[in-house]
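Down below is the structure, laid out as structure tokens.
The numbers here are math on the coordinates, done by the rules we state, and not lab data. As the structure is a computational prediction, the values presented were derived from the model and not from experiment. Cβ placement follows ideal geometry from the backbone for every residue including glycine, while neighbour counts extend to all protein chains displayed.
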Amino acid sequence: MLFAVIAILLGLCFGSFLNVLIVRIPLNKSVVLPASACMSCGMKLRFYHNIPLISYLFLMGKCGFCKAKISFLYPLIEAISGVFGLFIYLKFGFSLESLFIGISILLLLALSIIDLKVKEVPDSINFWALIFALIGGVMLHLDLLFVIASSFSLAGFFTLLRFAFQSLAKKEALGEGDIIIVATMGALLGWKLSLIAVFISALSALIILIFCRRDYQIPYIPFLYLGTLVCLFLDNFFMAFLNNYILQV
């Protein structure tokens with residue numbers, strides 16, 4: 001019970017940091033300085049204004065100085081991060097590999113939100129997500145070669161697909177940022193589950209595209225993230241399906 005609470009608190013705190021990344025990284029601002037300030041009045045926030053979830057509830061969703069409305073996205077990301085902290089603890093236990101995997105998963109969450117908001121993929125967050133995934137994957141699988149091979153073979157395969165599609169269709173397919181995320185997926189999931197995750201992401205994106213305008217450019221990273229989460233937490237189900245119905249055919 002204590003470890004579960006600690007996992008939730010760690011998730012909440014990292015979620016607060018994600019909010020800083022989501023706001024500042026696309027603007028090429030430092031995530032360390034200056035201190036957090038109100039987006040409306042510019043007043044520097046006090047420490048008790050930055051307590052994850054609690055400050056938002058205590059302030060009733062308004063700035064403590066000018067009473068401007070605070071975006072609901074901030075507490076939502078903190079809450080989601082707290083829930084992910086709990087889920088990762090329940091899945092992998094209270095361990096160092098859980099920490100690295102959890103950080104990578106939450107950095108992918110930040111990338112998904114940024115892609116939704118501004119359709120950009122900051123390399124700084126992307127590469128750190130990959131690094132933490134590689135470390136966590138090696139610690140989880142205890143097999144450096146498997147993790148490296150899964151990560152970079154997938155990245156190489158989808159890079160070839162990208163160039164092939166661009167040559168034939170004369171249009172952009174996967175971006176470079178998407179390729180790095182595929183490498184991160186390979187490190188976290190292994191190559192088999194990663195292919196399923198990519199299939200889930202593509203299917204989900206196609207379903208959404210049915211209801212969008214033909215000229216709408218859909219942000220793909222949130223769908224890759226969805227596929228990663230589904231396969232990460234339902235890995236036993238998908239591996240059993242692969243072994244029983246696909247790989248034996």
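A few comments on the model shown:
- Under 5 Å from the amide H of ALA37 lie the amide H atoms of LEU45, each residue being 5 or more positions distant or on a separate chain, with H modelled from the backbone and absent for Pro and chain starts.
- Applied to the stretch 16-26, the Karplus parametrisation 6.51 cos²θ - 1.76 cosθ + 1.60 on θ = phi - 60° returns per-residue 3J(HN,Hα) values of 4, 5, 4, 4, 5, 4, 5, 7, 8, 4, x Hz, with x for Gly and Pro.
- Order of TYR48, TYR89 under a 10 Å beta carbon neighbour criterion, fewest first: TYR48, TYR89
- Between TYR245 and ILE148, the modelled labels are 3.6 nm apart [label points 7 Å from Cα along Cα→Cβ].
- Relative to the longest principal axis of the Cα atoms of the chain, the long axis of helix 176-210 makes an angle of roughly 80 degrees.
- In percent, rounded to a whole number, the relative contact order of the chain is 17, using alpha-carbon pairs under 8 Å and six or more apart.
- Compared with the dominant Cα axis of the chain, that is its longest principal axis, helix 221-233 is turned about 80°.
- Projected over every direction and averaged, the convex hull enclosing the alpha-carbon atoms of the chain yields 16.1 nm².
- q = 0.13 Å⁻¹: log10 I(q)/I(0) that the Debye formula gives for the stretch 1-64, counting C-alpha atoms only: -0.42
- On Cα atoms only, tilt of 73-92 relative to the major axis of the chain in degrees: 50 degrees
- Exposure proxy ranking for LEU96, LEU33, based on other Cβ atoms within 10 angstrom of each Cβ and starting from the fewest, stands as LEU33, LEU96.
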